[in-house]
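Student: I'd like to ask you about the structure that follows.
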Amino acid sequence: MIMKTELLSKRVLLFIPVVALIVFTTGVAAQEEENVSVRVNAPEFVSGTFDVTIDIYNVVDLTSGQFDLSFDPDVVNVNDVYDGEIDGTTVPIDMWRLVEEGRVRVLVKLPDAGLVSGSGYLTTIKFEVVGNDGDTSVLEVSDGELSSYISYDYPTWSSTEIVEINADWSDDVVTVGDAGMGEAATASTPVQTATPRSPPSSLDLGTGSVAASTPATEHVSDAAAPVGASGRDETDVWEMIAANNFIEIYSFIGLLAFIYILILLK
């Protein structure tokens, strides 16, 4: 009887590391799924007209999105808004308008309830400079919302549920002037475009993140309804592991441990 008890205790102890490893891997995977980043990408120094892209990284099954972009109307002004592109797929502009002086609202939506995954940019916004050399304007993104959906198919009917995609939203700043030439640029200066950025690492996802609130019921409503906050104030261990692609390694180790346990229990 004592030997049977000891054998059972040993088996339980052998199972503990396996269970812990499975829980650990699941937590990492959950963190990786939320590793979506949206960034305002603008030239550091601007003059004449210039383009700003709203870059997005690592999104999965995006079907629509919206955000407000605030700016100093005494420094820059919005001229036009263009379609975006994610992983070779065009992301059409559903609507854009100035909801107040110094704030533009943009809605994007995939046609025919389509979905797109990958990295790219939600839209390109064309600005023109109206301020003087040395003036600065923060390009602040707010009320950001990204949406996907889940379809349920039944023998006699089907339904679709809209779900929110958690994301970190980051701002940018522009300064009027030409740092390269050392002298003021004129209105005839060619259009400047934002410098493409590599996907952000988990070490800087928390920088400048924007708090948002619950999804707005009407996209065109002037009262922007806040979306759920997803900004991170600091980097944690889960983000670092997910960013370095350790999930596959730990999954493989867990599989080997599980096989080893099964062999011992025979």
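Student: Just to be sure I understand the filter: pairs with C-beta atoms under 7 Å, separated by 6 or more residues or on different chains, first member in segment 79-94 and farther than 10 Å from Ile125 by Cα and outside the structural domain of Ser148 (by TED's automatic domain parsing), second member modelled with pLDDT under 95 and polar (S, T, N, Q). Which pairs pass?
Tutor: Pairs found: none.
Student: In addition: Quick check on my filter: what residues within segment 62-76 are surrounded by fewer than 18 Cβ atoms within 10 Å (Cβ to Cβ) and farther than 17 Å from Val141 by Cβ?
Tutor: Across segment 62-76, the qualifying residue is only Asp74.
Student: Okay, next question. Being more than 23 Å from the chain's Cα centre (by Cα) and in a strand (DSSP E or B) narrows it down to one of Leu107, Leu98, so name that one.
Tutor: That would be Leu98, the only listed residue that is more than 23 Å from the chain's Cα centre (by Cα) and in a strand (DSSP E or B).
Student: Being more than 19 Å from the chain's Cα centre (by Cα) and either hydroxyl-bearing (Ser, Thr, Tyr) or closer than 29 Å to Tyr57 by Cβ (or both) is the filter here, so list the residues in segment 151-172 that pass it.
Tutor: Listed by number, the residues that qualify are Ser151, Tyr152, Tyr154, Thr156, Ser158, Ser159, Thr160, Glu161.
Student: Report, by residue number, each residue of segment 132-164 that is buried (at least 19 other Cβ atoms within 10 Å of the Cβ) and either assigned to a loop (DSSP other than H, G, I, E, B) or not polar (S, T, N, Q) (or both).
Tutor: Answer for segment 132-164, where residues must be buried (at least 19 other Cβ atoms within 10 Å of the Cβ) and either assigned to a loop (DSSP other than H, G, I, E, B) or not polar (S, T, N, Q) (or both): Leu139, Glu140, Val141, Asp143, Gly144, Glu145, Leu146.
The values are calculated or read from the model by the stated rules, or taken from the named source; none is laboratory data. Computed from a predicted model, the values in this text were never measured in an experiment. Ideal geometry is used to build each Cβ from the backbone, glycine not excepted, and the neighbour counts take in all protein chains shown.
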